[in-house]
Amino acid sequence: MLILDAQATAAALPYPALIEALAETLRTTVDAPPRLHYAIPRADGAKVTLILMPSWQSDGDVGVKLVIVAPDNSRRSLPSICASYLLMDGDTGQRKLMADGTTLTARRTAAVSALAARYLAPSDCRTHLILGAGAVAAGVARSHRLVRPIERTLIWTRRGEQAAALVAEL
């Protein structure tokens, strides 16, 4: 089984290829039953939630994203959402891949946004606005520049230091 940490997951999903793969996948049938949410009791009363998100294609592999939402992690200087993605052979159940689900989700979200912009934004759009400066924002800026001739990115966020950090990163 291949195991990819956050950096390897990002490297395995370059935006140009990811956007095209999503365009193709969204034209097919993917089964994705409702998410399952489980409250995990903690002795200290903290609210922790486990979310299971399975999906598969007929005669294809089976994947499941496993997510822990731990809002109190902010007090520990840790992200409140931690995720892993497990891909298994659809016929045998053998594990094929374990990837960083947080990175996978951020990159997929940015790529789907760019794909939507490809169809919905004016073809000569040179300025775009990003609402928020969280985990997905830099990916949105980068992926949109692949589908439109973006020259200027505007950022709106409630926290100026987050916007400044995003500007420095970009």
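The values are calculated or read from the model by the stated rules, or taken from the named source; none is laboratory data. Owing to the predicted nature of the structure, the values given are computational and were not obtained by experimental measurement. Quick reminder, even Gly has a Cβ in these numbers, built from the backbone with ideal geometry, and neighbours come from all protein chains shown. Just the protein is used for accessible areas: all its heavy atoms, side chains included, with ligands, DNA and RNA removed. Shrake-Rupley method; radii C 1.70, N 1.55, O 1.52, S 1.80 Å.
Worth a mention:
- Residue within segment 41-58 that is under 21 Å from A8 (Cα atoms), charged (D, E, K, R) and touching a helix residue (DSSP H, G or I) at 6+ places or on another chain (Cβ under 8 Å) present: no
- Restricting Y38, Y15, Y85 to those that are farther than 28 Å from L115 by Cβ, modelled with pLDDT of 95 or more and touching a Leu at 6+ places or on another chain (Cβ under 9 Å) reduces the list to Y38.
- Residue ID - farthest from Y119 (Cα to Cα), chosen from residues in segment 150-163 that are in a loop (DSSP other than H, G, I, E, B) and open to solvent by 50 Å² or more (accessible area, probe 1.4 Å): R159
- Boolean, A168 is surrounded by 16 or more Cβ atoms within 10 Å (Cβ to Cβ) and either over 20 Å from the mean Cα position of the chain (by Cα) or part of a helix (DSSP H, G or I) (or both): no
- Count of residues meeting criterion [in contact with a strand residue (DSSP E or B) (Cβ under 7 Å, 6 or more places away or on another chain), part of a loop (DSSP other than H, G, I, E, B) and open to solvent by less than 30 Å² (accessible area, probe 1.4 Å)] in segment 121-145: 1
- Single residue of segment 1-11 satisfying the filter (of a type outside the set (S, T, N, Q) and open to solvent by less than 60 Å² (accessible area, probe 1.4 Å)) that is nearest to R148 (Cα to Cα): A10
- Extreme residue, farthest from the chain's Cα centre (by Cα), among residues of segment 47-81 that are surrounded by 13 or more Cβ atoms within 10 Å (Cβ to Cβ) and more than 22 Å from A135 (Cβ to Cβ): G60
- Residue within segment 151-161 that is in contact (Cβ under 8 Å) with a residue 12 or more places away in the chain and either under 21 Å from H37 (Cβ atoms) or in contact with a Lys or Arg (Cβ under 8 Å, 6 or more places away or on another chain) (or both) present: yes
- With respect to being open to solvent by 30 Å² or more (accessible area, probe 1.4 Å), under 24 Å from A10 (Cα atoms) and more than 15 Å from the chain's Cα centre (by Cα), S84 falls outside the description.
- Residues of segment 87-108 that are under 18 Å from A138 (Cβ atoms) and open to solvent by 50 Å² or more (accessible area, probe 1.4 Å): T102, R108.
- Comparison of Y15, Y85 shows that the only residue that is out of contact with any strand residue (DSSP E or B) (no Cβ under 6 Å at 6 or more places or on another chain), under 28 Å from L146 (Cα atoms) and among the aromatic types (F, W, Y) is Y15.
- Qualifying residue in segment 47-54 (condition: within 22 Å of S113 (Cβ to Cβ), touching a Lys or Arg at 6+ places or on another chain (Cβ under 8 Å) and among the β-branched types (V, I, T)): yes
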